[in-house]
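As structure tokens, the structure follows; a few thoughts come after it.
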Amino acid sequence: MLSPAIGTGQLTGLHAVTLNRPKALNALSTPLITELNQALLEVNSSDRVSVILLTGSQKAFAAGADIKEMAPLTFSKAYTQSFIESWSQLTTQVKKPIIAAVSGHALGGGCELAMMADILYCTESANFGQPEIKLGTIPGAGGSQRLTRAIGKSRAMELILTGKSFTGAEAAQWGLAAKAFPSYEALMEGAMKTAETIASYSKVAIIGAKEVVNKSQDLPLRDGVEYERRVFHGIFGSQDQKIGMKAFAEKQKPEWTHE
Ligand code: CAA
């Protein structure tokens, strides 16, 4: 059973997972991450869901890892228990696209969680940042790697070394976010619209597209292009490729089987 710290809701083809720990501005404690992982794995295996919307509240997407939980942690505990490693499940085990809709604070681990999503949308006034340096530490859930790949070394270095926040408008301008919306309502509407558009396509193609785009982050260009071609070839084995191309030729709307 999902605990009240995570809210979930399902529409046709898309599923919303909402971080809901308002008293701590959705600080990402270990129990919250465990619930999030469970919720995402359940949604990932549901035949009825094609795309996942990950949100927080208007005030906070997430204000980071739980500082009060982390404060007494020792090196040996963190190291031997692989503290924070489970956060990566979202990127390694969820095949369906995740849209992060970010409003308010997305700091530290909150910024890192948003960057793990496949599409990042935010409000123009969203408050992003990697402020770990102010706590005497550094980003631990991929912030130094994903932020640097997204916005370049010099800018990422400046933000991580100063701990300064940046706005959603800047995130979009720098290419970290796909889009910044003028209000929370517009953000949620825009994210739902994109989710619905994606969910209207064949699941086989959706999952294939996510897989190959994400490979571009890990592979050299030549290997990435070859990897894409292999997946592209594989999709000729799906029913939906036949359905999609036949429908185009016959000027019909395709009726996907998701097979
Ligand atoms: N962990 C634990 N509790 C947190 C928290 C966090 N990351 N962020 C906020 N809270 C708690 C506060 O302690 C406070 O609780 P109490 O009411 O019990 O005192 C409650 O949430 C509300 O917070 P504030 O009163 O501070 O709210 P504010 O509006 O004045 O400020 C804020 C908002 C600027 C986000 C401020 O809360 C803040 O700076 N939070 C910490 C942000 C941060 O440093 N994040 C990085 C964490 S380290 C990390 O994430 C490591 C990593 O890479 C994985």
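The values are calculated or read from the model by the stated rules, or taken from the named source; none is laboratory data. Predicted model only: the values in this text are computed from it and were never measured. Because the Cβ atoms are built from the backbone with ideal geometry, glycine has one as well, and the counts that use them run over all protein chains shown. With ligands, DNA and RNA removed, areas are computed over all heavy atoms of the protein, side chains included. Shrake-Rupley method; radii C 1.70, N 1.55, O 1.52, S 1.80 Å.
Largest to smallest in accessible area, the residues 218, 223 fall in the order 218, 223 (1.4 Å probe, all protein chains included). Length available on full extension from residue 12 to residue 196: 0.36 nm per residue minus the Cα-Cα distance, which gives 65.4 nm. Beta bridges per DSSP, both residues in the chain: antiparallel share near 25 percent.
Pairwise inverse Cα distances across the range 107-235, averaged and inverted, put the Kirkwood hydrodynamic radius at 16.1 Å. Using Cα atoms only, what is the angle between the long axis of helix 203-215 and the major principal axis of the chain, expressed in degrees (0 to 90) to the nearest 10? For 203-215 against the chain, the angle is about 50 degrees. As a length-normalised measure over Cα pairs under 8 Å and 6 or more apart, the relative contact order of the range 42-110 settles at 62 percent.
Stick to Cα atoms and the Kirkwood definition of Rh, then tell me Rg/Rh for the range 211-259. Rounded to two decimals, Rg over Rh is 1.14. When 174, 256 are compared by accessible area at a 1.4 angstrom probe, the order from most to least is 256, 174. Near the amide H of residue 104, within less than 5 Å, lie the amide hydrogens of 123, 126, 127, all on another chain or at least 5 residues away, with H placed in the peptide plane.
About the Cα centre, and with charges only on the beta carbon of Lys, Arg (+1) and Asp, Glu (-1), how big is the dipole of the chain? Nearest 20 debye, please. Mind showing how you got there, number by number?
Details: 26 positive and 24 negative charges, 49 e Å.
My answer is approximately 240 debye.
Mean sequence separation of contacting Cα pairs (under 8 Å, at least six apart), scaled by the length of the range 33-183, corresponds to a relative contact order of 23 percent.
Here the contact order of the chain, divided by its residue count and restricted to Cα pairs under 8 Å and six or more residues apart, works out to 16 percent. Remark on residue 83: its backbone amide H falls under 5 Å from none of the residues 5 or more positions apart or on other chains, H modelled at 1.01 Å from N. Cross-link partners for residue 96 among the lysines, with Cα-Cα distance under 16 Å and sequence neighbours closer than 8 places in the same chain left out: 203, 210, 215. Dipole orientation for the range 203-249: of the candidates 213, 238, 224, 238 has the Cα lying most toward the positive pole (charges on Cβ; Lys, Arg +1; Asp, Glu -1).
Per-atom-type breakdown for the chain gives carbon and sulfur 57% of the accessible area (1.4 Å probe, protein chains only). Compared with the dominant principal axis of the Cα atoms in the chain, helix 239-249 is inclined by about 60°. Near residue 213, once Lys and Arg are set to +1 and Asp and Glu to -1 for all other residues with Cβ below 10 Å from its Cβ, the sum equals -1.
Under 5 Å between amide hydrogens, built in the peptide plane, is the criterion, and for residue 179 it picks out 122 among residues at least 5 positions away or on other chains.
What the range 100-252 shows is 54 Å² of accessible area per residue, with the surface traced by a 1.4 Å probe over protein heavy atoms. Within the shell defined by Cβ-Cβ distances under 11 Å, the residues around residue 50 carry a net charge of +3, with Lys and Arg each +1 and Asp and Glu each -1.
Just the number: Rg to Rh for the chain, Cα atoms, Kirkwood Rh, two decimals. Rg/Rh: 0.99.
Restricting attention to the range 186-256, which trypsin sites (Lys or Arg not before Pro) occupy a DSSP loop and are surrounded by at most 14 other Cβ atoms within 10 Å?
Sites meeting the loop and neighbour criteria: 251.
Once all protein chains are placed together, residue 86 keeps about 50 Å² accessible to a 1.4 angstrom probe. Against the chain, whose longest principal axis comes from its Cα atoms, helix 30-44 is set at around 0 degrees. Sorting 128, 181 by solvent-accessible area of protein heavy atoms yields 181, 128, largest first, with a 1.4 Å probe.
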